[in-house]
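Have a look at the structure below, then the notes.
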Amino acid sequence: MSYFADKQPLVADIFSRYPASPQGRRSALMPLLREVQNAHGYVSEPQMAEIAALCGTTATEVRSVMSFYSTYHTVPTGKYHLQVCSTLMCSLAGSDELWDQLVETLDVQPGEVSPDGRFSVQKVECLGSCGTAPMMQIGDEGYYENVTPSKCARILAALHADAPPAPDNLVPVTVNAEGRQTLANGEMVGASIGGLSPLTGGAA
Ligand code: FES
């Protein structure tokens, strides 16, 4: 069964946020992708085709959009998806060595999942924590900063024991069902966007 076949109210809710036009339907691409990604940890080829059909576009375009964002995955990821910033400040501070430590210790390459299903790795662009380089993010949970080789070893040992250490910084990027921004620990920040009207598609 396709992913959205039994989720028509959800699909209708997502489309209601955008103008009832071809451009509006295509605007729903991102929340539809996020829905599948949150449920499965990645978006498969059949799911890309399903989202493309819903949005009136092609699977190629869906894949193209996904390729722009490191948060979307086209292959399964491990229970702990380790993302190492490889942009200049982190690179100067040792992220190349951090990356080598991860792939050698875990014996896993990008696009793979370790045999125990725990780990996958990815290089990402600047995550906005340059002042605490080198840094990495684990899943969507938060930032681990100033990751020295010994700190990396401690983090990996904890993950092997399924006892992830608390991140040094939470990521204030999630918007919950009520339209509030939330931190990874559920704490509310900022104002609600729930009262905002959907885009109308009217003339500028
Ligand atoms: S360069 Fe790594 S967080 Fe900005």
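Suppose we take every Cα in region 64-180 and form the convex hull; what volume per residue is that in Å³? Write out the running numbers ahead of the final one.
Values: hull volume 14.0 nm³, N = 117.
Taking only Cα atoms, region 64-180 has a hull volume of 120 Å³ per residue.
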Original post:
³J(HN,Hα) across region 123-138 via Karplus (A = 6.51, B = -1.76, C = 1.60, θ = phi - 60°), whole Hz, x for Gly/Pro?
Top reply: 8, 10, 7, 2, 9, x, 10, 4, x, 10, 5, x, 10, 9, 10, 10
Subject >> Residues whose placed amide H lies under 5 Å from that of Phe119, excluding near-sequence neighbours >> reply: Lys79, Tyr80, Ser114
Original post:
So what's the gap between the Cα centers of region 65-139 and region 22-59, to the nearest angstrom?
Top reply: 24
**OP:** Please give the net charge around Ser86, taking every other residue with its beta carbon less than 14 angstrom from that of Ser86, where Lys and Arg add +1 and Asp and Glu add -1.
**Re:** -3
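Let's test the formula: R0 of 22 Å, r as the Cβ-Cβ distance of Ser21 and Ser44. What FRET efficiency results, to the nearest 0.05?
Details: r = 28 Å, r/R0 = 1.29.
Using R0 = 22 Å, I get an efficiency of 0.20.
At a 10 angstrom cut-off on C-beta neighbours, averaged per residue, how do the peptides 59-66, 163-170 rank from highest to lowest?
On the way: 59-66: 16.8, 163-170: 14.6.
By packing density, highest mean first, the sequence is 59-66, 163-170.
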Original post:
Which value, in Å², gives the accessible area per residue of region 23-176 when a 1.4 Å probe is used on the protein heavy atoms?
Top reply: 49
Subject >> Whole-percent carbon and sulfur share, accessible surface of region 38-156, 1.4 Å >> reply: 54
Subject >> Thr87 long-range amide H proximity, modeled H, under 5 Å >> reply: Cys126
**OP:** For Met188, tell me the accessible area in Å² from a 1.4 Å probe, rounded to the nearest 10.
**Re:** 90
Original post:
Taking the highest mean first, how do the peptides 123-131, 23-31 order by number of other beta carbon atoms within 10 angstrom per residue?
Top reply: 23-31, 123-131
Original post:
How much net charge surrounds Asn38 when only other residues with a Cβ under 13 Å from its Cβ are counted (Lys, Arg +1; Asp, Glu -1)?
Top reply: 0
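The values are calculated or read from the model by the stated rules, or taken from the named source; none is laboratory data. Computed from a predicted model, the values in this text were never measured in an experiment. Neighbour counts run over all protein chains shown; Cβ positions are idealised from the backbone, glycine included. Areas reflect the complete protein model, heavy atoms only, side chains present, ligands, DNA and RNA absent. Shrake-Rupley method; radii C 1.70, N 1.55, O 1.52, S 1.80 Å.
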